[in-house]
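The structure appears below as structure tokens.
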Amino acid sequence: MRLREIFGTNLRRLRHASGLSQEELAHRAGINRNYVGLLERAANSPTLDTVERLAAELAVDPVRFFEKPGGR
């Protein structure tokens, strides 16, 4: 699995766990809702600044986005 796919899978999982829609997460993080969808589908790669903002809004350590599903 490519790193951007791991990121997208974890972003979707963490967003769902927080009970947020793509639109609400995007609004809170100050990014476009369509961009959140692109990240979750691994169609785009985030900048480090975006990773940091998303992690802050989801109240998680940014490293959580890069953990392989089912373990490291």
>> Need one value: the accessible area of R15 in square angstrom, 1.4 angstrom probe, rounded to the nearest 10.
In response: 20 Å²
> Over the chain, what is the relative contact order in whole percent, taking alpha-carbon pairs under 8 Å and six or more residues apart?
Replying inline: 43 percent
>> Given Cβ point charges of +1 (Lys, Arg) and -1 (Asp, Glu) and nothing else, what value in debye, to the nearest 20, does the dipole of the chain about its Cα centre take?
In response: 260 debye
>> Can you divide the C-alpha Rg of the chain by 2.2 N^0.38 Å and report the result to two decimal places?
In response: 0.97
> What is the gain in length, in nm to one decimal, between N44 and R64 on full extension, counting 0.36 nm per residue of separation less the C-alpha to C-alpha distance?
Replying inline: 5.4 nm
> Roughly to the nearest percent, how much of the accessible area of region 1-62 is carbon and sulfur, given a 1.4 Å probe?
Replying inline: 47 percent
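The values are calculated or read from the model by the stated rules, or taken from the named source; none is laboratory data. Note that this is a predicted model, so its numbers are computed, not measured. Ideal geometry is used to build each Cβ from the backbone, glycine not excepted, and the neighbour counts take in all protein chains shown. These accessible areas exclude ligands, DNA and RNA; they are computed on the full protein's heavy atoms, side chains included. Shrake-Rupley method; radii C 1.70, N 1.55, O 1.52, S 1.80 Å.
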